[in-house]
Ligand SMILES: *Cc1c(COP(=O)(O)O)cnc(C)c1O
């Protein structure tokens, strides 16, 4: 990650096709577009690469999460269980639907702890949303068993983990519906964009219509189409889809490059006895977009984080102090700072955030460092980075 490091002639060719026809819209204009349907082609590519029956492109990863919940029927007053370590988009999307985000602890996988999930289930729980942070997943068998037992939806946020898998299935294809982002820093990027994938034909049909104001997409004449329900505009443009298409075709080449770099870094850091790596559940294969490890305590992790920066090792994150990815700094959620009034039900539903502590999440995030794996590094650069990292971490451990 990010895919833009490898932009080249393939992206330019696809974009040029769109500019030559002038058709930026993914629907209609059949006569003008010289046979170019970049969004449709990208959807077919994602279906193929991610082994699902249906893919629906949307305008962002945040839109993907919103659409996934809307088409699976999450709405007013429903509770959605999500992790304390994620991106703010998770609760933004839940809140926009009038639903209630129920944040629960992560474990040493850095994603949902199934025990914490089970303990948080109430009669209002509608869905469980694991977020495959930094390229790896929760124990999805355990989460699926909980969903089955309590009749809940499993919505996967795989925005940071495209190309990873669990027990042979691509991440995102395991639950009822999966979400992806193709924003400017993700493994596959098209500037702004995303997708939902599913094997459920009804979810797909509804996603196809909901993302385009409810258009039924039955005829040649958009103006004559009917609207079976209220929709919205979550469309992607042909220009973005063109870039995404050139990128998605090389998805597993990108993942292979990430793995090569990841392996070199990991092998070097594995020689530090005090350092342990994130747990990947049995049967899981990371997307290798990040290398995540734990140090003995918060103080050492802070020291190592600073030491890495001072040594010129960029893109290593200590999320404990981060505004966007960890609950500690989410006062805007805790204080329900919205521009619009929220229902009394949602207010009441969020009261727990005033008093609840997340000691187990703190225990892992305080000690975690997460290093982005870039696609453009040369082998020499990765090796040099590995030795700089080892020196900085050993220094912090002194
Ligand atoms: C990037 C990201 C999103 C949101 O994607 P956008 O395309 O930026 O809206 C959602 N969830 C996670 C885990 C992400 O990393």
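The values are calculated or read from the model by the stated rules, or taken from the named source; none is laboratory data. Computed from a prediction, not measured in an experiment: that's the story for all the values here. Cβ placement follows ideal geometry from the backbone for every residue including glycine, while neighbour counts extend to all protein chains displayed.
Structural remarks
- Search result, residues across the stretch 40-56 that are away from the ligand (no atom under 16 Å from the Cβ), touching a strand residue (DSSP E or B) at 6+ places or on another chain (Cβ under 9 Å) and in contact (Cβ under 8 Å) with a residue 24 or more places away in the chain: 43, 45, 47, 49, 50, 51, 52, 53, 54
- In the stretch 282-299, the residues that are crowded, with 20+ Cβ neighbours inside 10 Å and outside any strand (DSSP E or B): 286, 287, 288, 289, 295
Yes or no, residue by residue, for (1) surrounded by 22 or more Cβ atoms within 10 Å (Cβ to Cβ); (2) farther than 22 Å from residue 338 by Cα; (3) within 15 Å of the chain's Cα centre (by Cα):
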| position | (1), (2), (3) |
| --- | --- |
| 21 | no, yes, no |
| 43 | yes, yes, no |
| 58 | yes, yes, yes |
| 69 | yes, no, yes |
| 74 | yes, no, no |
| 86 | yes, no, yes |
| 92 | no, no, yes |
| 95 | no, no, no |
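- Against the numbered list (1) surrounded by 21 or more Cβ atoms within 10 Å (Cβ to Cβ); (2) within 15 Å of the ligand (Cβ to nearest atom); (3) in a helix (DSSP H, G or I), residue 1 comes up short only at (3).
- Pairs where the first residue, in the stretch 119-146, is under 23 Å from residue 100 (Cβ atoms) and the second is within 12 Å of the ligand (Cβ to nearest atom) and part of a helix (DSSP H, G or I), C-beta under 7 Å, 6+ apart: 129/90; 131/90
- Boolean, residue 92 is in contact (Cβ under 8 Å) with a residue 24 or more places away in the chain, within 15 Å of the ligand (Cβ to nearest atom) and out of contact with any strand residue (DSSP E or B) (no Cβ under 6 Å at 6 or more places or on another chain): yes
Conditions (1) surrounded by fewer than 18 Cβ atoms within 10 Å (Cβ to Cβ); (2) more than 28 Å from residue 292 (Cα to Cα); (3) without any contact (Cβ under 8 Å) to a residue 60 or more places away in the chain, marked per residue:
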site: 329; (1), (2), (3): yes, no, yes
site: 338; (1), (2), (3): yes, yes, no
site: 341; (1), (2), (3): yes, yes, yes
site: 350; (1), (2), (3): no, yes, no
site: 363; (1), (2), (3): yes, no, yes
site: 368; (1), (2), (3): no, no, no
site: 383; (1), (2), (3): yes, no, no
site: 393; (1), (2), (3): no, no, no
site: 398; (1), (2), (3): yes, no, yes
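- Residue match in the stretch 176-197 (condition: crowded, with 17+ Cβ neighbours inside 10 Å and farther than 29 Å from residue 239 by Cβ): yes
- Being at pLDDT 95 or above and touching a strand residue (DSSP E or B) at 6+ places or on another chain (Cβ under 6 Å) is a description that applies to residue 349.
- Condition met for residue 211 (within 15 Å of the ligand (Cβ to nearest atom) and farther than 23 Å from residue 137 by Cα): yes
- Residue, nearest to residue 124 (Cα to Cα), within the stretch 140-175, restricted to residues that are more than 15 Å from the chain's Cα centre (by Cα) and assigned to a strand (DSSP E or B): 153
- Residues (in a helix (DSSP H, G or I) and within 12 Å of the ligand (Cβ to nearest atom)) located in the stretch 57-75: 61, 62, 63, 64, 65, 66, 67, 68
- No other residue among 345, 395, 381 is closer than 19 Å to residue 301 by Cβ, over 25 Å from the mean Cα position of the chain (by Cα) and part of a helix (DSSP H, G or I) apart from 395.
- Tallying residues that are in contact with a strand residue (DSSP E or B) (Cβ under 8 Å, 6 or more places away or on another chain) and farther than 21 Å from residue 160 by Cβ within the stretch 277-322 yields 3.
- Residue within the stretch 178-197 that is assigned to a loop (DSSP other than H, G, I, E, B) and more than 16 Å from the ligand (Cβ to nearest atom) present: no
- Of the set (1) over 19 Å from residue 255 (Cβ atoms); (2) more than 14 Å from the ligand (Cβ to nearest atom); (3) not in a loop (DSSP other than H, G, I, E, B), all apply to residue 216 but (3).
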